[in-house]
Every structure is written in structure tokens, then in C-alpha cells.
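Beneath this line is the structure, given in C-alpha cells, with notes to follow.
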Amino acid sequence: MNEQFPFKRLNGIPASQDDVRRRREHVKKIVIAHPDYSNLLSEIEDIHFYSRGSVKPDSLFLSGVAGVGKSTLLEEYTSRFPRQIVNNNTVIPVLYSTVPVGATPKSVASKLLYSLGDPAYEKGTEISQTSRLMNFIKKCKVELIIIDEFQHLLDRDTQHVLNKASEWVKSFCDEAGVPIILCGFPESKKIFKFNSQLDRRFLMKLTMEGFHYYTREEQIEFRTFLKSIDERLPFVDRSSLASKQLADKLYYATNGLPSHLNKILYEATGLAAKSGNDSIDENHLYDAFNKLEVSTRPFVSNPFTIKDFNIVGAFEEELKNNEATKKII
Ligand SMILES: Nc1ncnc2c1ncn2[C@@H]1O[C@H](COP(=O)(O)OP(=O)(O)O)[C@@H](O)[C@H]1O
Ligand SMILES: [Mg+2]
């Protein structure tokens, strides 16, 4: 048993509370470099690498719905470039920061200053904070800035807010002189329609999507993802997640979103370990699914333990129920 895989065979004996906790935490941390993930990672590497010494660095807008794995990807990239103290100066090659809920340009500047270690991060006007920010970016030798949860800068959707936010982002990009990755929900793209000068600075717009499951290739891709996860689950035996039957059910249950898949497996891991199992079975998945409620899918049914599950039929049934309620409303 190696350091990375310290999970013992349970042989029917329930895992201790501490062991259950460790196994569940392990599930939370599983990250698989699936094709979309690797492609986006290499786009970021390119932007970072080719901007060094460039007069006008390229910037990138990355969008995607909640739970596709945007932050996971950006945090992983950031962690590759740890902060270092060189000659009493903190060097931060990649600065990652998130936009707080209901943010204004001033609170974004504050948050960035905080991430850069400015003890007076809240002090000053928007203008003085922004100019301090530029000094810190130089002092800390920042090469790439990642601003996640960008949609919060546009939480209050008025003409004035969009105007102010887009002007601030535009001049921030110009003054920072390093590439910037803005990441947010697809709706935050509206800022570019609103300000064509900003749009020109973010010509590269990429989207991260959940898994699809229509074509044979897409099914193989999702099943490959499941297989990689299965191999990393904190059990000595494998759980056959990538079998055709379970893959169909897991796709239907999650709609191909990594976050939902992770939640189900997290719960199922706890249930399996508590009952002393050495892999996850469909009964655990059934119970795990019942513990969770996806408010965007009021008519989703529990696919686990169903014999001869038909994914097409299940999606059609859900759609039919959705349509029926629309008519009533
Ligand atoms: N590449 C991946 N491999 C496995 N699980 C992932 C991956 N990306 C995301 N997840 C799961 O989905 C969850 C949500 O991801 P997150 O990065 O927070 O999504 P987003 O920022 O797009 O809302 C993560 O906590 C993780 O459990
Ligand atoms: Mg996120």
C-alpha cells in the first residue's frame, strides 16, 4: 500500500468515522485531465508563455455553467506556480482571485490587493487602489492574472454598472501589461457586447462544457472519464462505473456535469465505507442520489438499481413532465 493510496480492505467491517471522513475527502480531491480540461490547460499555458516580454499580451475569456470544472482547472494551473520569497520580496507568478458577490470595481481591486498581500487592501479610493494594484503587480513579478467568478461584477444589471465595470476592466488590462484570464458564467459575456473596445482585448473566448453523450465518441469520452475516476476511488476494488449500464445511469443522473458526479460519488463513498464494502455498488448510488436534490431538474428520476435502464426513454419522460408543467403554469 503506497502513500497515495492508504485505503485498507474493509472486508465487511464498517470503516471508522475517521476512515469514512478520509475516504470522502479523497473523493472531493479527484481531478482527471479529461480532453477538454487538457486542451484548455494548454491554451492557458500558451497565453502565459507567449505573453512573456510581449507588448500587448493576449487575454482570454473562459465561460461555462456552474460545475463544469472551471475553477478546478484554474486553481490547478495556479498551483503549478507557487509563491516564492526572493530577496525579501514575494514573487507571485500567477495571481488567482475571485470576484465577491455583488462586487464593484473597487471591491475587485481590494480583493486583488488582498491576494497580493497588501496589508491596507481596503484603504483608498478606487483610483488609488487601482494604482497601488499596478505597483504590486510589478513588485510581485506577476506574469498572469486570473479573475474567477467574473459574473459577480455584473450582478446588478444596470447600464451604469455595465458601463463602469467594462471601463474599469479595459483600463486594468491595458495598465497591468500581463495577460488576464476572466472566467465566469456564460451570461457574463454580455459585457463584451456592451463595450467593443473591451471585446477587442478579449477576442479569445473559450467555453468549457460538461460531457455530452449522443455520439459514440462522446459516450467513449464520458466512460473513459468514469474509468479514470473509478481507478482513483478510495476502495481496494473497482466499482465498474464505466460499464455501459452504469455509465448510462450516471450520465442521466448528472447530465454530464463533473460537480454532480462528484457529489453522488462523495455520498456513495460514505455509504459504502460505512457498510464495510470495498467498492461502490448500485444500492449506494441509489441512496446517494436520493440524498441530493437538483433544483433545476424537478422531474429527474432515480436511475440506479433499475433493470434494463433506457437512457433515451428516461430523458424523454423527464422532458414530457417538464412540458406538462409549463402548460399548467
Ligand atoms: N477535471 C475534473 N475531474 C474530476 N472532477 C472534476 C473535474 N473538474 C471538476 N470536477 C468536479 O466538479 C466540481 C466543481 O468544479 P468547479 O471547478 O468548482 O466548477 P466551476 O468552477 O465550473 O463551477 C469539483 O469540485 C470537482 O469535484
Ligand atoms: Mg467556479
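Of note:
- Against the chain, whose longest principal axis is taken from its Cα atoms, helix 126-139 shows a tilt of about 80°.
- Between helix 105-115 and the chain there is an angle of about 80 degrees, using the helix long axis and the longest principal axis of the Cα atoms.
- Amide hydrogen neighbours beyond the local backbone of THR98, cut-off 5 Å, H modeled: ASP148
- GNM result for the chain, Cα springs below 10 Å: residue of ASP248, ASP237, ASP157 fluctuating most strongly: ASP157
- The long axis of helix 216-232 is offset from the longest Cα principal axis of the chain by roughly 90 degrees.
- Note on region 35-207: dipole from Cβ charges, positive end direction compared against TYR121, ILE146, PHE194; the farthest Cα belongs to TYR121.
- When the Gaussian network model of the chain links Cα atoms closer than 10 Å, the mean-square fluctuations of THR125, THR90, THR78 top out at THR125.
- Pairs over the 22 Å Cα-Cα cut-off, from the set LYS123/LYS189; LYS139/LYS164; LYS70/LYS291; LYS8/LYS28; LYS138/LYS193: LYS123/LYS189; LYS139/LYS164; LYS70/LYS291; LYS138/LYS193.
- With a Förster radius of 22 Å applied to the C-beta separation of ALA66 and LYS190, the computed FRET efficiency comes to 0.80.
- Each Lys and Arg Cβ is given +1 and each Asp and Glu Cβ -1; about its Cα centre, region 151-255 then shows a dipole of about 140 debye.
- Here the label points at SER228 and ASN135, each 7 Å from Cα along the C-beta direction, are separated by 4.4 nm in the simple model.
- Length gained when the stretch GLU323-GLU76 is fully extended (0.36 nm per residue, less Cα-Cα span): 84.9 nm
- Diffusion coefficient (Stokes-Einstein, Kirkwood radius over C-alpha pairs, 10 °C, 1.306 mPa s) for region 193-322: 98 µm²/s, rounded to a whole number.
- Convex hull volume per residue in cubic angstrom - Cα atoms of the chain: 180
- Our helix-only sum for the chain, with -39,500 (n - 2.57) per DSSP H run of n ≥ 4 divided by its residues, gives a mean residue ellipticity at 222 nm of -16000 deg cm²/dmol.
- For region 245-329, a crude dipole built from +1 on the beta carbon of Lys and Arg and -1 on the beta carbon of Asp and Glu, taken about the Cα centre, is about 300 debye to the nearest 20.
- Loop-located trypsin sites (Lys or Arg not before Pro) in region 243-329 whose Cβ has at most 12 other Cβ within 10 Å (DSSP): LYS307
- Nearest-20 debye value, the chain charge dipole, Cβ charges on Lys, Arg, Asp, Glu: 720
- FRET efficiency for the pair ASP157 and PHE49, taken as 1/(1 + (r/R0)^6) with r the Cβ-Cβ distance and R0 = 45 Å, rounds to 0.80.
- Environment charge of GLU149, counting only residues whose C-beta is closer than 14 Å and scoring Lys/Arg +1, Asp/Glu -1: -2
- The loop-placed GluC sites (Glu not before Pro) in region 244-298, going by DSSP, that have at most 16 neighbouring Cβ atoms within 10 Å of their Cβ come out as GLU293.
- Restriction of the chymotrypsin sites (Phe, Trp or Tyr not before Pro) in region 241-327 to DSSP coil positions whose beta-carbon has at most 13 other beta-carbons within 10 angstrom yields PHE299.
- Measuring r between the beta carbons of TYR214 and GLU25 and using R0 = 30 Å, the FRET efficiency lands at 0.30.
- Charge-dipole axis of the chain as Lys and Arg at +1 and Asp and Glu at -1 on Cβ define it, positive-most pick from TYR286, HIS212, ASN39: ASN39
- Binned Cα-Cα distance frequencies in region 35-207 - 10 Å width, integer %: 10, 41, 39, 11, 1
- Simple label model, 7 Å out from Cα along Cβ direction - LEU203 to THR296, nm: 3.2
- Farthest toward positive dipole pole in the chain [+1 Lys/Arg, -1 Asp/Glu at C-beta], among LEU257, GLN159, THR130: THR130
All of the numbers you see were taken from the coordinates with simple rules; none came from a lab. Keep in mind that this is a model prediction, so the values were computed, not measured. Cβ sites come from the backbone with ideal geometry, for glycine too, and all protein chains shown count toward neighbours.
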